[in-house]
1. Determine the dipole magnitude for the stretch 21-71: charges of +1 sit on the beta-carbon of Lys and Arg, -1 on that of Asp and Glu, nothing else is charged, the reference point is the Cα centre, and the result goes in debye to the nearest 20.
2. Net charge within 15 Å of Leu42 by Cβ-Cβ distance, Lys/Arg positive one each and Asp/Glu negative one each, not counting Leu42 itself?
3. What is the local net charge at Val62, summed over the other residues whose Cβ is closer than 13 Å to its Cβ (Lys, Arg +1; Asp, Glu -1)?
4. When the helix-only estimate is applied to the chain (DSSP H runs of n ≥ 4, each -39,500 (n - 2.57), divided by the residue count), what is the mean residue ellipticity at 222 nm, nearest 500 deg cm²/dmol?
5. So what is the accessible area of the chain per residue, in Å², with the probe set to 1.4 Å?
6. If you rank Leu36, Leu21 by how much accessible surface each has, with a 1.4 Å probe, what is the order from largest down?
7. Let me have the relative contact order for the chain, percent, based on Cα pairs under 8 Å that are six or more residues apart.
8. At 0.890 mPa s and 25 °C, plugging the Kirkwood radius over alpha-carbon pairs of the stretch 8-73 into Stokes-Einstein gives what diffusion coefficient in µm²/s?
Amino acid sequence: MMTSDQVRDFYTRNASLYHRLYIDVLRLGGGVNAFLRRSGALEPNLRILDAGCGTGNVTRQVLDVARRRGITG
């Protein structure tokens, strides 16, 4: 079993690889962003639970679309 330090080091080393593959090459964020722009699901003072599972890509896309629309709160 890996120690917490080993787990942290593993993900730290592989974060840039994940970003290059999934975000830069496969453009994963673009599809999420486009969906959020079209859906109209974001509104002021909306509460979103991010349970910390994954890279935070969806949360970054929510923030980007909200900022572009001037949505606060």
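1. Numbers: 8 positive and 4 negative charges, 40 e Å.
So the magnitude is around 200 debye.
2. Values: positive: Arg37, Arg38, Arg47, Arg60, Arg67, Arg68, Arg69; negative: Glu43, Asp50, Asp64.
It works out to a net charge of +4.
3. Details: positive: Arg37, Arg47, Arg60, Arg67, Arg68, Arg69; negative: Glu43, Asp50, Asp64.
So the surrounding residues net to +3.
4. Values: 3 runs with 40 residues, N = 73.
Estimated from H runs of four or more residues: -17500 deg cm²/dmol.
5. Values: 6030 Å² over 73 residues.
Counting only protein heavy atoms, the per-residue value for the chain is 83 Å².
6. Values: Leu36 20, Leu21 75 Å².
Result of the area sort, largest leading: Leu21, Leu36.
7. Working: 29 pairs, mean separation 24.0, N = 73.
Contact order relative to length: 33 percent.
8. Numbers: Rh = 13.1 Å.
Once the numbers are plugged in, D ends up at 187 µm²/s.
The values are calculated or read from the model by the stated rules, or taken from the named source; none is laboratory data. Treat the numbers as computed from the prediction; the structure is a model and nothing was measured. Ideal geometry is used to build each Cβ from the backbone, glycine not excepted, and the neighbour counts take in all protein chains shown. Side chains included, ligands, DNA and RNA excluded: accessible areas come from the protein's heavy atoms. Shrake-Rupley method; radii C 1.70, N 1.55, O 1.52, S 1.80 Å.
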